[in-house]
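To keep things clear, I will list the structure first and then write my remarks on it.
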Amino acid sequence: MTGTHMSQVAPPRECLGYGQPVGGVVQTAFVVEDLAAAIERQIADCGAGPFFRLDHFLRPGQVYRGAPSRADIALAMGFAGHMLIELIQPLDEHPSVYREAIARRGYGFHHFGVGARDVDEAARAYRARGFVEAFRAEVPTGGEVIYLDGGNGAQDGFIELIPVSAGMDAHFTAMWRASLDWDGRDQVRPFL
């Protein structure tokens, strides 16, 4: 081919053990009113599962919109194919990115998780494009996540930068492997 219609071959992308690309969407998340009911719907309606549940996620040093945050959530993660689905239930009324989304448009889609080798460097690139930091917290798989707001707050959903580490990749890949030959039993399992 010649001229402006020449196709270019993109360089190969680094992928996580469960098939999603580093630097791309590695997770889709929803804020839910009832975690158990949401898990049941994902299993019945989307064939996702099993789900790995964490009953409390309130980390020391978490920050919401520049101030210390005391918001606690329960969460569950499971796979539908190669997509990691996160379900998040707020457990209190403290200000948070989750309560912000519910107040703005109700329960439902909350964020896309993007895998980043260096979340602070990736956040700088997003900030250069007009995004602002909405939330930051340490995570059990290592490092800190950063939620970014593209200007519409919870209206369009957030971007969560997820630190890609050996521990994160191993943990999420083990969850994905559990989904491959899942027989529908043990639908909810411990997160860690």
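Computed from the coordinates by the stated procedures, all read-outs in this text should not be read as laboratory data. Since the structure is predicted, the reported quantities are computational estimates derived from the model, not experimental observations. As a convention, Cβ positions derive from the backbone with ideal geometry for all residues, glycine included, and neighbour counts pool all protein chains shown.
Net charge within 15 Å of Arg59 by Cβ-Cβ distance, Lys/Arg positive one each and Asp/Glu negative one each, not counting Arg59 itself? Result for the neighbourhood of Arg59: -4. Of Leu161, Leu91, the sequence from fewest to most neighbouring Cβ atoms within 10 angstrom is Leu91, Leu161. Using only side-chain charges placed at the Cβ, +1 for Lys and Arg and -1 for Asp and Glu, the dipole size of the stretch 17-182 relative to its Cα centre rounds to 320 debye.
With distances taken between every two different alpha-carbon atoms, the stretch 56-109 has a Kirkwood hydrodynamic radius of 12.3 Å.
Can you sort Tyr98, Tyr107 so the residue with the fewest Cβ neighbours within 10 Å comes first? Kindly include the intermediate steps, with their values, before the conclusion.
Details: Tyr98 27, Tyr107 17.
Fewest-to-most ranking of Tyr98, Tyr107: Tyr107, Tyr98.
Averaged over residues, the count of other Cβ atoms within 10 Å places the peptides 36-43, 118-125 in the sequence 36-43, 118-125, highest first. Directionally averaged projected area (the chain, Cα convex hull): 12.8 nm². Taking other residues whose beta carbon is less than 10 angstrom from the beta carbon of Asp72, and scoring Lys, Arg as +1 and Asp, Glu as -1, yields 0.
A Förster distance of 22 Å, applied to the separation of the beta-carbon atoms of His56 and Glu14, puts the FRET efficiency at 0.10.
Sketch the reach of a paramagnetic label on His94 as a point 7 Å from Cα along Cα-to-Cβ, and name the residues of the stretch 28-60 whose backbone nitrogen lies under 13 Å away. Output list for this probe position: 56-60.
Computed on the stretch 92-168, with alpha-carbon pairs under 8 angstrom and 6+ residues apart, the relative contact order is 36 percent.
Can you give the Kirkwood hydrodynamic radius for the stretch 89-192, in Å, rounded to one decimal and based on Cα pairs?
On the way: mean 1/r = 0.0652 Å⁻¹.
One decimal place: 15.3 Å for the Kirkwood radius.
Within 9 Å, Cβ to Cβ, of Ile146, how many net charges do the neighbouring residues add up to if Lys/Arg are +1 and Asp/Glu are -1?
Details: positive: Arg136; negative: Asp120, Glu133, Glu144, Glu160.
Overall, the nearby charge balance is -3.
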